[in-house]
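*Asks:* Supplied in C-alpha cells, the structure appears directly below.
The values are calculated or read from the model by the stated rules, or taken from the named source; none is laboratory data. All of these numbers come straight from a predicted model, not from anything done at the bench. In case anyone asks, the SASA skips ligands and DNA or RNA and just uses the protein heavy atoms, side chains included. Shrake-Rupley method; radii C 1.70, N 1.55, O 1.52, S 1.80 Å.
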Amino acid sequence: MSTESDHDPGSVDRIGELPEPLLVHILSFLQIEDAVKTQVLSKRWKYLCSFIPSLVFRSDSVDRDIYEFAEFVNNTLTLCNCTRLKKFAVVCRFYFIQYYETKVNLWTRFAAGKGTEILHLDFHRLEEYTYEESCYELPQHLYSNSSFRELHFSSCSVTPKAGVDWNSLKKLSIGYVGLSDEVIQKILVGSPVLEILELYYFHGVSRLHFGNASLKKLILREYWDNKCDYFDGNNNNLDDSQLEISAPNLQSLEMLGCLGRKDCRLVDVSSLVDATLDFDLRHEEEDVLEDYERDQNMLRRLVERLAHVKSTIKLGTVNNGSERFALSTVEHFGETLTKLCDFDEKLYWTSQKRAYKCLMLHLTKVKFAGVRWLYRDLNFAFVQFLLENARVLQKMVIDALRDDDVKPTTEFFQKLLSFPRSSPNAVVMFYE
C-alpha cells in the first residue's frame, strides 16, 4: 500500500533518473575536481565521472601544493574508463618542471593511448625562473600520433629528433618557446592538413615558408627575444634579424603584440584576404631616429605586399565590406616626431584630389586606436579628409590614449565635430 510520501514530487530524484550518457555529459561541464566529488552521492554516481571524455586539470594558484595536484591527476587517470578522450589538458605552475617530468611523461602517454583529439600542456613560465627551469621537454612519442586534431603547448620544448607525424592535426599553438627553422619545417611536412598555426612568445625563427595548401591562418603574437629580458624592461642587445614569411595559400594573417626589433618581411602572401597588423616594436634608446626610419621602411614593405587585399590601409582599424585590414601604428617617440616628418602632413591630405573608390562606395567604419593627444594636430587633417570623402561612412571611432601631461580642450572637440561630412549618416564617437 502506497503512502502520500511515495508520491511527493520533492522526494523524486529527477536528475538521478536521467540516462547515464546524459549524466556524464552534464558532469563534463564541471571542473574535474567537482566532478570527482559526485562519487559519494550514490552507488550509481560512483563511476560516472570515470567516463568523462574531457579531462582538464588546472592549478593556476601558486599557493596550491604541486605534489598534491600531481597526485590528484594520477588518481583521476587511474579511475578513467573512457576508451577515447576528446580533450586532455594540464595547466599548472611547476616551479622546477624537471622534478615532475616523469609524472608528466606518464600523463602524456596516457593521453596519447586514449586517442586524445585535443592536447593542451601549459606550464606557465614564471618570471623568477629561467626558461630551462620552467620548460617541459616534450617526449618523442608525442611527435607521432594520428589522433591529434589540436595541440596547444606553452613552456614546452619542441625538439623532434626524427620526423613529425600529425596526419590529422588541424590547429597548432606553441608559446613561450625557442624554435628553429628546421623544427618548423619538420612540423609542416608532418602536418599535411594543418589549417591554423599560432606562435606566441617565441624566438629562434627566421623563415616561415609554408607550401601547405591546407594552411589558411597564421597568428604571430609577441616575439620573445631571448637576448634580453622583457619582463625586467631590459632592451639591450635586441634581436634585429629578419623574419621572412612566404605562404602563397594563406588566407588570414595576424601580427600582434610586441615583435621586438624583428625585421618582418612578406615574400608571397598572394592569396591573403584578411590581414591584421596590430603590433609595436622595441628600440635602442640611443638610436631612436634611426630605428624609426627603419620601422617606417618595414611597415611600408608590409603594406606594399598587402596591396592586393581589398582594403584601405590607415591608422587604427578600417572595415571594408566582408574583407578587412587593421593597422595600428608603431608607438612614436614624442619630441622626435616632428624631426622625422619631412613633409607637410596637413597640406598633403587637404590637397588630395584623387577619387578613392573605397571611400566613395565601401568604407563604412573607421577606428583610430592609440592616437595620443600630443599628435592630435597631425591627425586632424586625415580625419577631415576621411569625413569629406567617405560617402557611405556610418561610424568613426577615435580611441585615444590618455596622456597625463596633455588634456583635450573644448576647442579640440568643437574642431573635430565641425568638419563637413559627405555622408549624412556619419557619426563621430570619441573615447579616452
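*Asks:* From zero up to wherever the largest Cα-Cα distance of the stretch 168-217 sits, split into 10 Å bins and tell me the percent of pairs in each.
*Replies:* Pairs per bin, as whole percents: 26, 60, 14.
*Asks:* Given a 1.4 Å probe and heavy atoms of the protein chains only, how would you sort LYS161, LYS86, LYS103, largest accessible area at the top? Don't jump to the answer; show the numbers that get you there.
*Replies:* Values: LYS161 170, LYS86 100, LYS103 55 Å².
Per-residue accessible area, sorted high to low, gives LYS161, LYS86, LYS103.
*Asks:* Take the cross-link list LYS37/LYS103; LYS43/LYS170; LYS171/LYS395; LYS43/LYS171 and give me the ones stretching past 29 Å between alpha-carbons.
*Replies:* Numbers: LYS37/LYS103 23 Å; LYS43/LYS170 40 Å; LYS171/LYS395 35 Å; LYS43/LYS171 40 Å.
Over 29 Å apart, Cα to Cα: LYS43/LYS170; LYS171/LYS395; LYS43/LYS171.
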